[in-house]
Amino acid sequence: MARTKGGASNTLQFRDAGTHEGPLLVVEDLHTSFRTQRGTVRAVDGVSFEVQEGKTLGIVGESGSGKTVLSRSIMGLLPPRDVIRSGTVHFAGHELTAMDDTSLREVWGAELSMIFQDPMTALNPVKRIGDQICESLALHLGMDRKEARSTAVELLRSVGIPSPEQRVRWYPFQLSGGMRQRVMIAIALACAPRLVMADEPTTGLDVTVQAQILDLLADLQRERHMAVILVTHDLGVVASRADDIIVMYAGRIVERAPTRTLFHDTKMPYTRALMDSIPRLADPSGARLNAIGGRPPDLINPPTGCRFSPRCPYAQDKCRELEPPLRTVGSPDHLFACWFPLVDGMSTAPAVPVTVSSGPAAARSAVENGQAPAPAEPTGEAEA
Amino acid sequence: MGKYLIRRFIQLLVVSFIISVLVFMLVHLLPGDPTTQILGANDTAANRAILLKQLGLNLPLWHQYTIWLNAAFHGNLGTSYLNHESVTHILATGAPVSIELILISQLIAFAIAIPLALVVSRKPNRWLDNISTTSTFGLLALPPFVVAPILVAVFAVGLGWFPATGYTPFTQAPLTNLHEMILPSVAITAGSIAVYFRLLRSDLISTLQQDFITMARSKGLSTTRIMWRHAFRPSSFSLLAAAGINIGSLIAGTFVVELLFAMPGIGYALVQAVEQRDYLVVQGISLVVAIAFVVIQFIIDFIFTIVDPRVVRE
Amino acid sequence: MPDDRELLDTHSSRRLLTNALPGTAATDEAILATEETTAADDVLSKKPFGFLFWFAVCFVGVILLSAVLANVLPLQNPNFQNYSALSQGPSGAHLLGTDDLGRDLLSRLVFGSRVSLIVGFCGVAIGLIFGGTAGLVSGYRGGRLDGALNAFSFIILAFPAIVAVIAIVTFWGASLFHITIILGIATIPLMYRVIRASSLSFAQRDFVVAAKTMGATDTRIVLREILPNVIPVTVTFSLITVAGLIVIEGTLAFLGLSVALPTPSWGNLINEGTANNALSTDPFIMLWPALAMFLLLWSINLIGDRLRQRFDIREGLL
């Protein structure tokens, strides 16, 4: 939609559009590439999905799978230079991909906001946290200084920061990691957005703090009836919190299902491998982490066929030659991209895999485990 | 904040002490009998004795130093041998001229360098950036003694837009004063513009890659606001440090333009004193200018604690 | 205030440079996924020097050569006063013209360059010999001596150089020798700080630790492991300092506090060109040395800056 200048009336128009029918966010065939010296990096390569009002979507993948780029690409936050984006994003009935920066700024922070991975780098180090919250309030809700300040205090209180009256005057470096992430949430939620993108919101935090932050986010989500996209490398994080989960690999969706279905009827070997890489408390303390062998593929020259095939213990010739489409079997809301999907955790590939390019060790361990392809090679890439 | 500033303040005192010793020793660097050196060989013995006493040269060195320092603390830096003006008075009349020159030149430098860097750093390596980077690089090669004569030749002698010499105090005629100040200030500002622009530009470019800038964008803030309120301050540390160091070459610059434009500033007085071998004046001016320089460094350290609250933690 | 170790450490500057490439953290992630190190910064630093660089090198070369060969070149005596050719413009006999005393401006320009060059290069040499050696050892050894030297250099640098130089010249007398020595001494703490910071950063690197464990002597480590790595920073910084010293000498000469007339130096030539209404009657007297000074400073700065880019040193407070 073509939006011209004249901000205020457009803002109202946009807010009125809340009554529109259908999903809150619709992403269709989104591609995002970066031009680099070495070639074009296809970070997001044909992604489509929807998010309903008030729901939580988990986007899961290893680092380098394109999930962070995806979330920024949806918002339109990537720098225009050397970035090529195609496809469409509709938010509350408006096409974000057709808006210029001026129009997008009315959406950013107000209707659609973002929680960043590392609050240490994402909070301005030389600005008081109170000012960083007030900024959005003044801009989008037109509050004056006093009003904004007292709202900021309330926001800090609602995200569980003790004695917020004093803390508003603090600088980010004076807070602990968990507190900083709470501040970031307060900033993201300041103007009561309808959709929050949380990009690895708990990655840098202690496990106990992680749970607190995620619970806080879930509580606030329920109170405010907002939708959340939770981007993470850790399936464990989204397991109990997301309504639906998208698994990404090399810039593409490889599996998408409601959370329960995904965990009970995993189709994609990659998803299985991700699940096995979640450390469990029940594991003996000396147990090795089941990291996925090999490295994420080169996004400039992705492998032919299924992009996971070089690392997949069940890969067949067909997998290496033909790219599997995203398809369904049975349930219409369970999509996956695999020629030989798992059934009850067992591969449907015709032969027991022995010739795996990522190394014989991986194959052997898969055989020994008898159920899950979990190459035991301890690699540096493992994200514990 | 207290601890950091106290440490800096102690440093200030130590440096000032050492400066005072060095400046004091200058007179004793003179080879041979200082009175002969100062007064010349033909002066009367009576005059020589007066000077000897004035300098206190018959006392042990450390004693001479304490006497000299004590006098300096009481505002007595000696008197000019030539016109019997007190050094304090020379400094008091010269300081406003020199300070005004430095202030105006810095205002010009910041007014050009900061907005230019803010505009250019958003799109590095585009044409505007390339032009500004290349031309400011040329400014680095234009010290005051090169620019000032050219400015005079073109704008004073050639076009006649500005007076070639002269100084009117601001309090007497503000407009005349500013009119006279323009050429000399511009002459000492070239290097500052280049240094400030280049530092701020490169720091801004790396700041703009930071997550908190993306965060600020994701709040829906306008580009102008992001540049001024989010990017500028964390990018200004090197700029601030450079401004402090730069004062040294600015002082040198004021000497040049005060001489060229015949402005009665401290530099003018110093050069006159050097030419006339008026040693006490040279000594007094050196002491005050050096300590002023150190004090400015301290003030800049103090500004650091305001601009970057994290400094205090170190 | 940025830590100068970080500013000078070429490794961290490489990191900063990588960060400065187009993109945000998200881009980095995407690029990282393809390969650990981006080839981009290599491309950047291997950028050809370009025409301007070689022009600057040639200009400095010509100036150096003519200064060295001034006595051999077919130039008039710079102090010869030809009363039949007063205040002439450029001509066949006098390529750059003559001044109000009939002296040949080209000759004075060439002979005048000697002062600037001697002060600039010899001053830096003094700074390098003393400050550089001290910095190299001090940064490598650390400890109490390092702490003391470091604090001392801070104090010396807190002194505004120009005031110190003027004061000393006044009391000691202005001659080429004195000015070179004084400016050389003033350069020592500068060289010390820069080279110490660089040496310090390399002293903690793995290859130095490895050499130590293999039983290499300290002398050997400093000369074989650290010195070669410190050279890029040293060369770059020395060039910038040469330019700085030339400016200070020029300023002194302009103020009449450098070599005494009639010996020409660019600074006093410019001053002569501004005195006695010469700017309106004969601007060439001022113009030639001003132009030469501009081009020389520009060339030295440009060479320094291009080398800095090539060596991958971050533009900081160098």
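On the phi > 0 side of the Ramachandran plot and open to solvent by 10 Å² or more (accessible area, probe 1.4 Å): does that describe C:Asn277?
yes
Residue by residue, here is whether (1) away from chain B (no Cβ under 14 Å); (2) closer than 30 Å to C:Gly61 by Cβ; (3) open to solvent by 20 Å² or more (accessible area, probe 1.4 Å); (4) within 28 Å of the chain's Cα centre (by Cα) holds:
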{"residue": "C:Gln204", "(1), (2), (3), (4)": "yes, no, yes, no"}
{"residue": "C:Ala211", "(1), (2), (3), (4)": "yes, no, no, no"}
{"residue": "C:Gly244", "(1), (2), (3), (4)": "no, yes, yes, yes"}
{"residue": "C:Val247", "(1), (2), (3), (4)": "no, yes, yes, yes"}
{"residue": "C:Gly250", "(1), (2), (3), (4)": "no, yes, no, yes"}
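Looking at (1) touching an Asp or Glu at 6+ places or on another chain (Cβ under 7 Å); (2) within 30 Å of C:Leu295 (Cβ to Cβ), which is the only condition C:Ser138 fails?
(2)
Residues checked against (1) buried (at least 23 other Cβ atoms within 10 Å of the Cβ); (2) more than 10 Å from chain C (Cβ to nearest Cβ); (3) in contact with a Cys (Cβ under 8 Å, 6 or more places away or on another chain); (4) not basic (Lys, Arg):
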{"residue": "B:Ile247", "(1), (2), (3), (4)": "no, no, no, yes"}
{"residue": "B:Ala262", "(1), (2), (3), (4)": "no, yes, no, yes"}
{"residue": "B:Gly267", "(1), (2), (3), (4)": "yes, no, no, yes"}
{"residue": "B:Leu280", "(1), (2), (3), (4)": "no, yes, no, yes"}
{"residue": "B:Ile300", "(1), (2), (3), (4)": "no, no, no, yes"}
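Among the numbered conditions (1) within 30 Å of A:Met120 (Cβ to Cβ); (2) within 12 Å of chain C (Cβ to nearest Cβ); (3) out of contact with any Ser or Thr (no Cβ under 6 Å at 6 or more places or on another chain); (4) not aliphatic (A, V, I, L, M), tell me where B:Arg233 comes up short.
The one condition B:Arg233 does not meet is (2).
Filter region B:105-144 for residues that are more than 10 Å from every other protein chain (Cβ to nearest Cβ), without any contact (Cβ under 8 Å) to a residue 40 or more places away in the chain and closer than 20 Å to B:Ala242 by Cα and give the result.
Answer for region B:105-144, where residues must be more than 10 Å from every other protein chain (Cβ to nearest Cβ), without any contact (Cβ under 8 Å) to a residue 40 or more places away in the chain and closer than 20 Å to B:Ala242 by Cα: B:Leu107, B:Ala111, B:Pro115, B:Ser135.
Of the conditions (1) within 14 Å of chain B (Cβ to nearest Cβ); (2) modelled with pLDDT of 85 or more; (3) more than 24 Å from C:Asp146 (Cα to Cα), C:Ile185 satisfies every one except a single condition; which number is it?
That leaves (3) as the condition not met.
Pairs needed: first member in region A:294-317, farther than 15 Å from A:Ala349 by Cα; second member anywhere, among the β-branched types (Val, Ile, Thr) and open to solvent by less than 30 Å² (accessible area, probe 1.4 Å); C-beta distance under 6 Å; at least 6 residues apart or different chains.
A:Asp298/C:Thr34; A:Leu299/A:Val41; A:Leu299/C:Thr34; A:Ile300/A:Val41; A:Ile300/C:Thr34
Does A:Ser48 satisfy the condition of being of a type in the set (Gly, Ala, Ser) and assigned to a loop (DSSP other than H, G, I, E, B)?
For A:Ser48, the condition - of a type in the set (Gly, Ala, Ser) and assigned to a loop (DSSP other than H, G, I, E, B) - is not met.
Which of the numbered conditions does B:Phe255 fail, given that it passes all the others? Conditions: (1) buried (at least 21 other Cβ atoms within 10 Å of the Cβ); (2) within 14 Å of chain A (Cβ to nearest Cβ); (3) in contact with a Ser or Thr (Cβ under 9 Å, 6 or more places away or on another chain).
(2)
Being in contact (Cβ under 8 Å) with a residue 40 or more places away in the chain and more than 30 Å from C:Asp305 (Cα to Cα) narrows it down to one residue among B:Val147, B:Val152, B:Val157; which is it?
None of the others qualify; the one that does is B:Val152.
With the structure loaded, tell me whether B:Ser202 is closer than 30 Å to B:Thr305 by Cβ and within 8 Å of another protein chain (Cβ to nearest Cβ) or whether it fails that test.
When the stated conditions are applied, B:Ser202 passes them.
Output the residue which, of all residues in region B:191-231 that are closer than 30 Å to B:Pro163 by Cα and open to solvent by 10 Å² or more (accessible area, probe 1.4 Å), is modelled with the highest pLDDT.
Applying the first criterion (closer than 30 Å to B:Pro163 by Cα) to region B:191-231 yields B:191-197.
The next check asks that each one be open to solvent by 10 Å² or more (accessible area, probe 1.4 Å); those that pass are B:191, B:193, B:195.
Numbers: B:Gly191: 87, B:Ile193: 92, B:Val195: 88.
Filtering region B:191-231 for residues that are closer than 30 Å to B:Pro163 by Cα and open to solvent by 10 Å² or more (accessible area, probe 1.4 Å), the one modelled with the highest pLDDT comes out as B:Ile193.
When you go through A:Ala257, A:Ala273 one by one, which is the residue that is within 23 Å of A:Pro313 (Cβ to Cβ) and in a strand (DSSP E or B)?
Going through A:Ala257, A:Ala273 in turn, the sole match is A:Ala257.
Run down C:Ile129, C:Ile118 and say which single residue is without any contact (Cβ under 8 Å) to a residue 24 or more places away in the chain, open to solvent by 50 Å² or more (accessible area, probe 1.4 Å) and not hydroxyl-bearing (Ser, Thr, Tyr).
Among C:Ile129, C:Ile118, only C:Ile129 is without any contact (Cβ under 8 Å) to a residue 24 or more places away in the chain, open to solvent by 50 Å² or more (accessible area, probe 1.4 Å) and not hydroxyl-bearing (Ser, Thr, Tyr).
If B:Pro184 satisfies all but one of (1) open to solvent by less than 10 Å² (accessible area, probe 1.4 Å); (2) within 12 Å of chain A (Cβ to nearest Cβ); (3) within 19 Å of B:Ile112 (Cα to Cα), what's the number of the condition it fails?
With (1) open to solvent by less than 10 Å² (accessible area, probe 1.4 Å); (2) within 12 Å of chain A (Cβ to nearest Cβ); (3) within 19 Å of B:Ile112 (Cα to Cα) applied to B:Pro184, the lone miss is (2).
Would you be able to say whether some residue in region A:155-176 is in contact with an Asp or Glu (Cβ under 7 Å, 6 or more places away or on another chain) and at pLDDT below 90?
Restricting attention to region A:155-176, the residues satisfying the condition of being in contact with an Asp or Glu (Cβ under 7 Å, 6 or more places away or on another chain) are none.
Among the residues of region A:155-176, not one is in contact with an Asp or Glu (Cβ under 7 Å, 6 or more places away or on another chain) and at pLDDT below 90, which makes the answer no.
Could you check A:Leu137 against (1) open to solvent by less than 10 Å² (accessible area, probe 1.4 Å); (2) under 22 Å from B:Leu208 (Cβ atoms) and say which number it fails?
For A:Leu137, the exception is condition (2).
Within region C:139-194, how many residues turn out to be over 20 Å from C:Glu249 (Cα atoms) and part of a helix (DSSP H, G or I)?
Qualifying residue count, region C:139-194: 19.
Could you please find all residues in region A:1-35 being modelled with pLDDT of 50 or more and in contact with a Ser or Thr (Cβ under 7 Å, 6 or more places away or on another chain)?
A:Val27, A:Glu28, A:Asp29, A:Leu30, A:His31, A:Thr32, A:Ser33, A:Phe34
Would you check which residues across region C:204-249 are among the acidic types (Asp, Glu) and free of Cβ contacts under 8 Å to residues at least 24 places away in the same chain and list them?
Within region C:204-249, C:Asp206, C:Glu225 meet the criteria.
Residues that are among the β-branched types (Val, Ile, Thr) and in contact with a Gly (Cβ under 9 Å, 6 or more places away or on another chain): find the helices (runs of 4 or more DSSP H) completely inside region C:208-318 holding 1 or more of those.
On the way: elements: C:227-254, C:266-274, C:278-281, C:284-311.
In region C:208-318, C:227-254, C:266-274, C:284-311 are the helices (runs of 4 or more DSSP H) which contain 1 or more residues that are among the β-branched types (Val, Ile, Thr) and in contact with a Gly (Cβ under 9 Å, 6 or more places away or on another chain).
The values are calculated or read from the model by the stated rules, or taken from the named source; none is laboratory data. It should be emphasised that the depicted structure is a prediction, and the values quoted were computed from it without experimental measurement. A quick note on method: Cβ atoms are made from the backbone with ideal geometry, for glycine too, and the neighbour counts reach across all protein chains shown. Just the protein is used for accessible areas: all its heavy atoms, side chains included, with ligands, DNA and RNA removed. Shrake-Rupley method; radii C 1.70, N 1.55, O 1.52, S 1.80 Å.
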